[in-house]
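Asker: Would you mind keeping the following structure in view while I ask a few things?
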Amino acid sequence: MGEGEFKERVFKDFHKEEVVELASRLIKIPSVNPPGDTSKIAAFVKNYLEEEGVTVELCEPAEKKVNLIAEIGEKGSDRVLVLNGHLDVVPIGDRSRWSFDPFSGEVRDGYLYGRGASDMKGGLAGIIYAFKKLVKFEDRLKGRLKLVCVADEETGGTHGAAYLVEKGKALGSSVLIAEPTGMDLINIGEKGAIWAKIIVKGIPGHGSLSPFIGDNAIVKSVNLIRELMKITEMKAELPKDLLDVAEYSRNLLEKSVSREASKAIDHPTINFGIIKGGTKVNIIPDRCELEIDVRVPIGLSAAEITSKIREIVEKYGEVEFASAGEPNYTAPSSEIVKVVEKNVKEIIGIDPKPFLEWASSDARHFRKADIPTIHYGPAEMEGIHGYNERVKVEDLINAAKVYLGAAIDYLT
Ligand SMILES: [Zn+2]
């Protein structure tokens with residue numbers, strides 16, 4: 001049986017209603033983070049796979065942060081495709097702003113509804129289903145297929161992907177993450193993130209004599225903010241193989257958000273998310289705290305930006321860095337990009353474009369271990385991390401087919 005024939009045979013056993021049913025059942029198990037308890041949903045997936053006779057490992061690095069790992073194929077092979085997705089979802093926010101039950105998993109008018117439909121229980125159902133379909137054909141695989149469903153993605157991945165990569169449990173030669181991109185896009189890179197707290201100190205005094213006495217920590221912070229804003233004027237020098245991808249990503253952001261927003265692709269961004277200062281209206285404040293979230297584009301390094309921040313803050317106070325992650329990407333010419341492109345063309349009939357993302361994801365943990373990693377998954381961007389999240393049933397099914405086709409191509 002040749003590869004084409006083999007692929008055909010596996011696809012004969014693909015039943016689209018089973019993928020939709022699985023995604024709906026995943027939505028019905030809330031796994032909201034925080035608190036990020038994934039024990040129930042992981043137990044459900046374990047059970048679902050064990051029906052097919054696979055050995056499933058659960059791994060709980062912190063209480064109730066349960067990760068799931070399963071593997072089939074040629075034992076000992078170092079050709080390993082990892083299918084990855086996160087089990088947790090963000091909170092629903094104000095329930096009254098949803099026009100349906102966020103945990104109903106209802107299917108109607110061509111859509112699947114609920115928290116996680118797009119981010120990312122739809123994609124998750126696709127990789128779990130594709131994995132399950134290959135279990136009975138595992139003798140045919142030239143290499144290993146690993147399914148890694150993680151906890152903790154929405155709060156940074158410390159007890160999920162980062163932990164599993166560090167312990168060697170989620171390593172492979174390529175990683176396909178079913179995060180939402182939409183059917184026509186493949187996410188190949190993302191910005192780094194620096195989170196820091198700045199403390200500005202002043203000299204207190206009676207408010208009735210300000211600004212002639214004392215040293216107002218809030219006023220100093222205003223000047224500090226102005227100086228820090230200049231970081232966004234730094235421009236990244238992109239690697240050559242990303243020039244076209246970056247151009248495409250800027251256009252994408254310009255169309256979907258605004259021309260101003262498209263600068264985020266090759267400039268740092270800075271958000272002053274929290275500011276706390278002062279104790280009473282008639283006291284000159286002697287302390288002001290600011291928390292910042294800076295995103296580093298590919299082509300600049302987190303190290304150079306942190307030293308720039310240090311240099312600016314020095315004149316005003318002190319800075320503590322909570323985290324400083326480097327920007328990261330997988331070359332557009334990588335095998336995993338090509339394999340997914342080919343299957344999207346074959347199955348959906350569109351030519352997907354690689355792009356760069358401005359937010360960060362678990363991909364960085366895999367790329368840190370030098371593993372080519374991409375995102376491809378069904379998405380309706382509107383409801384993601386917002387209200388009334390949903391996903392097109394057709395996209396959900398097509399994505400599952402792409403995962404299955406890509407896994408077959410990669411491993412035969
Ligand atoms: Zn996600």
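The values are calculated or read from the model by the stated rules, or taken from the named source; none is laboratory data. This is a predicted model, so every value here is computed, not measured. Cβ atoms come from the backbone with ideal geometry, glycine included; neighbour counts cover every protein chain shown.
Asker: Check Gly85 against each of (1) within 16 Å of the ligand (Cβ to nearest atom); (2) assigned to a loop (DSSP other than H, G, I, E, B); (3) of a type in the set (Gly, Ala, Ser) and name the one condition it does not meet.
Answerer: (2)
Asker: Of the conditions (1) farther than 14 Å from Ala379 by Cβ; (2) modelled with pLDDT of 95 or more; (3) surrounded by fewer than 24 Cβ atoms within 10 Å (Cβ to Cβ), Thr155 clears all except one; give me its number.
Answerer: Against the list (1) farther than 14 Å from Ala379 by Cβ; (2) modelled with pLDDT of 95 or more; (3) surrounded by fewer than 24 Cβ atoms within 10 Å (Cβ to Cβ), Thr155 comes up short only on (2).
Asker: Another question about this same structure. Would you pick out the residues in the stretch 163-192 that are crowded, with 21+ Cβ neighbours inside 10 Å and within 15 Å of the ligand (Cβ to nearest atom)?
Answerer: Within the stretch 163-192, Val175, Leu176, Ile177, Ala178, Glu179, Pro180, Thr181, Leu185, Asn187, Glu190 meet the criteria.
Asker: If you don't mind, another one. Any idea which of (1) β-branched (Val, Ile, Thr); (2) within 16 Å of the ligand (Cβ to nearest atom); (3) not in a loop (DSSP other than H, G, I, E, B) is the one Ile72 doesn't satisfy?
Answerer: (2)
Asker: Only one of (1) within 16 Å of the ligand (Cβ to nearest atom); (2) touching a Cys at 6+ places or on another chain (Cβ under 8 Å) fails for Ile199. Which number is that?
Answerer: (1)
For (1) buried (at least 20 other Cβ atoms within 10 Å of the Cβ); (2) within 16 Å of the ligand (Cβ to nearest atom); (3) modelled with pLDDT under 95; (4) within 29 Å of Ala407 (Cα to Cα), each residue gets a yes or a no:
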residue: Gly317; (1), (2), (3), (4): no, no, no, no
residue: Thr330; (1), (2), (3), (4): yes, no, no, yes
residue: Ser334; (1), (2), (3), (4): no, no, no, yes
residue: Val337; (1), (2), (3), (4): yes, no, no, yes
residue: Val340; (1), (2), (3), (4): yes, no, no, yes
residue: Gly349; (1), (2), (3), (4): no, no, no, yes
residue: Lys353; (1), (2), (3), (4): no, no, no, yes
residue: Phe366; (1), (2), (3), (4): yes, yes, no, yes
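Asker: Here is a follow-up. Give the residue that is nearest to Val148 (Cα to Cα), with candidates limited to residues of the stretch 79-94 that are touching a Ser or Thr at 6+ places or on another chain (Cβ under 8 Å) and either at pLDDT below 95 or of a type in the set (A, V, I, L, M) (or both).
Answerer: Ranking the qualifying residues of the stretch 79-94, first place goes to Val82.
Asker: Right, something else. When residues of the stretch 106-147 are filtered for being part of a helix (DSSP H, G or I) and within 16 Å of the ligand (Cβ to nearest atom), how many remain?
Answerer: The number of residues fulfilling the criteria is 12.
Asker: Mind checking which pairs have a first residue in the stretch 275-301 that is on the phi > 0 side of the Ramachandran plot and polar (S, T, N, Q) and a second that is surrounded by fewer than 18 Cβ atoms within 10 Å (Cβ to Cβ) and part of a strand (DSSP E or B), Cβ under 6 Å, 6 or more apart or different chains?
Answerer: Close Cβ pairs (under 6 Å, with a partner that is surrounded by fewer than 18 Cβ atoms within 10 Å (Cβ to Cβ) and part of a strand (DSSP E or B)) do not exist here.
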